[in-house]
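Following: one structure in structure tokens, then a few remarks.
The values are calculated or read from the model by the stated rules, or taken from the named source; none is laboratory data. Just so you know, these numbers come straight off a predicted model, no measurement behind them. With ideal geometry, Cβ positions are generated from the backbone for all residues, glycine too; neighbour counts draw on all protein chains shown. Accessible surface is based on the protein model in full, side chains and every heavy atom, while ligands, DNA and RNA are left aside. Shrake-Rupley method; radii C 1.70, N 1.55, O 1.52, S 1.80 Å.
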Amino acid sequence: LSDSIGGSFSASSHRCHYKQKHCIPIPQCGALSISPLLFHPHTKGSQIIMDTTQKAVKRQASFCNAITFSNRPIVIYEQVRLKITKKQCCWSGALRLGFTSKDPSRINPDTLPKYACPDLVSQSGFWAKALPEEFANEGNIIAFWVDKKGRVFYRVNDSAAMLFFSGVRTAEPLWALIDVYGLTRGVQLLDSEIIPPDCLRPRSFTAIRRPSLRRETEDTRLSVSLCDLNLQEETFHVTATTCPIPQNSLNSQHSHLLPSQLESDLRFHHLRGPHVKILDDQTVARLEHPREERTLVFTSRPLRINETIFVKINKSNAVRTGTLSYGVTSCDPSTLRPSDLPYNPESLVDRKEFWAICRVVVPLQSGDILGFMVNSDGELHLSHNGAGTGMQVCVDCSQPLWMFFVLHGAVMQIRLLGSTILAERLGLSTPSSPASTPNSPTVLCSGVSDPILSTCGSGPLCSSISGTAPNSPVSLPESPISPSVSGPWGDECTICYENMVDTVIYSCGHMCLCYSCGLKLKKMANACCPICRRAIKDIIKTYRST
């Protein structure tokens, strides 16, 4: 015995059969006594979790394998109403909606494909299309239905009805098809409504058009590619822009770079530079001014130790030069005003709080995913598309730290995908190559090929940098051995932890290195004191009296 999409039933498959019948005829205005519309209890994708009422489903991981069906055939003009209960911003594309003439009870769940579009819609008896991404926000109520001509319409909340697609065969029973895909992670079935055409506002059918809502995500692609469409338009036209990369392929790439579970509580702070705009539930930052002068954005909360934050480059322009700047600060953005944000973000290090800033040195393109993680030793690590690029900067992790970004150059839009605290950090914990060399003069430690120097940034060392600016007026300590240094570290070199401290850094006067490490540090590009970050002009070997 084979199921209705060509697979064989497993021995444990659940089967119950609906008697084949035509759709219930359209009643007069008012309610029709039919059973409640629920999700089919057995025929569902492998990632679907269903509650006991069969009214709410959630995709437990990944971005696909979440196809669901209704438990009974729908009626012509019956509005299937869904509430989006969960959104996950790290994927592309959103809910797929449609109908099937195949009885879900006769479909083996093991044979369901990953995607409704294009896998199911390429088979006879399945029709579906993707909901535009801008409508896939938590709390939105989506209603969709089919008319007697086989045209499928949808509405969002209380908006006017819009044509979705056409070509559905209505001479056969039809079950609702719902693919909890991509951005959409959870949905709840609400009570369905049967509203004949003469009870709908004429505008719903005589003035059908795309919504007049402005697209806030500024993704140049629509939420579906041509392969996602199964249109057989008769009277109406729906224009669509094709995806440069099909969403299924794009999400497959991202699934290899992201953990299966991401926390979605991280947002951009409402405080921002005047030349950048925050969109899509405070998860997207977009450059709004061609001069790109004041474009700082902050995270809404402090970072957690060993928490990896994932950021996607949503939009880039290869014609422009420059890249993304990022950093951390002990300054709570809530205490700042927009006028406090400077034109040159590197001048922030002159403030009394702790600020550290550097730039992504690798070329960035649209779709790239960056990971940022501060470990317990105060080392900020960076990954690019899953590959670790090493420790970028030493930070003071003894106090709350907010992360910030500066959009300029080729990077015009970024999205916060989420965060995770996992032992497996996708290449962030142990870089496979020597630490990369940041090109910003305000970083605390620059990477070199020497494995000893590449590990600078121990806990005590990083916790001592309270925000002294590298370009502040020089003020030598009273003694060559600073009190703040002699306490926590004693006589050990703060880089190798093997040799005795015997070197003074000029001109800041800090004494925290052995002569061997001092020579190596001095040869580095943008060499700076590991304590105060002032530029190293020279090193002076000292000798102790015995």
Item checked: Accessible surface, per residue, of segment 57-146 when the full set of protein chains is kept, probe 1.4 Å, Å² -> 22 Å²
Margin query: Longer than 27 Å from Cα to Cα, which of Lys86/Lys148; Lys87/Lys129; Lys44/Lys315; Lys312/Lys523 are they? Say none if no pair is.
Written below: Lys86/Lys148; Lys44/Lys315; Lys312/Lys523
Next item on the list: Over segment 39-194, with every protein chain in place, what whole percent of the accessible area is carbon and sulfur at 1.4 Å, could you tell me?
Entry: 44 percent
Notebook entry, point to check: Accessible area of Glu346, 1.4 Å probe, to the nearest 10 Å²?
Noted result: 60 Å²
Checklist line | Contour minus Cα-Cα distance for Leu519 and His289 (0.36 nm per residue) | finding: 78.3 nm
Next item on the list: Using only the alpha-carbon atoms of segment 489-545, report the extent along each of the three principal axes, biggest first, to the nearest angstrom.
Entry: 30, 20, 17
Notebook entry, point to check: Carbon-plus-sulfur fraction of the accessible area of segment 331-405, 1.4 Å probe, in percent?
Noted result: 49 percent
Next item on the list: Keeping all protein chains in place, calculate the accessible area per residue for segment 489-545 (probe 1.4 angstrom), answer in Å².
Entry: 47 Å²
Checklist line | Gyration tensor (alpha-carbon) shape descriptor, segment 69-152, a/c threshold 1.5 | finding: oblate
Checklist line | Apportionment of accessible area to carbon and sulfur, segment 489-545, percent (1.4 Å) | finding: 51 percent
Margin query: Quick check: pseudo-label points 7 Å beyond the Cα along Cα→Cβ at Ser334 and Val362, how many nm apart are they?
Written below: 3.5 nm
Item checked: Rounded, prolate or oblate (a/c below 1.5 giving rounded, otherwise prolate when a/b exceeds b/c) for segment 39-194 by Cα gyration tensor -> rounded
Item checked: Residues with amide H under 5 Å from that of His40, placed H, sequence gap 5 or more -> Phe69, Ser70, Asn71
Notebook entry, point to check: How far is it, in nm, from the label point at Ser347 to the one at His270 when both lie 7 Å from their Cα along the line to the Cβ?
Noted result: 2.7 nm
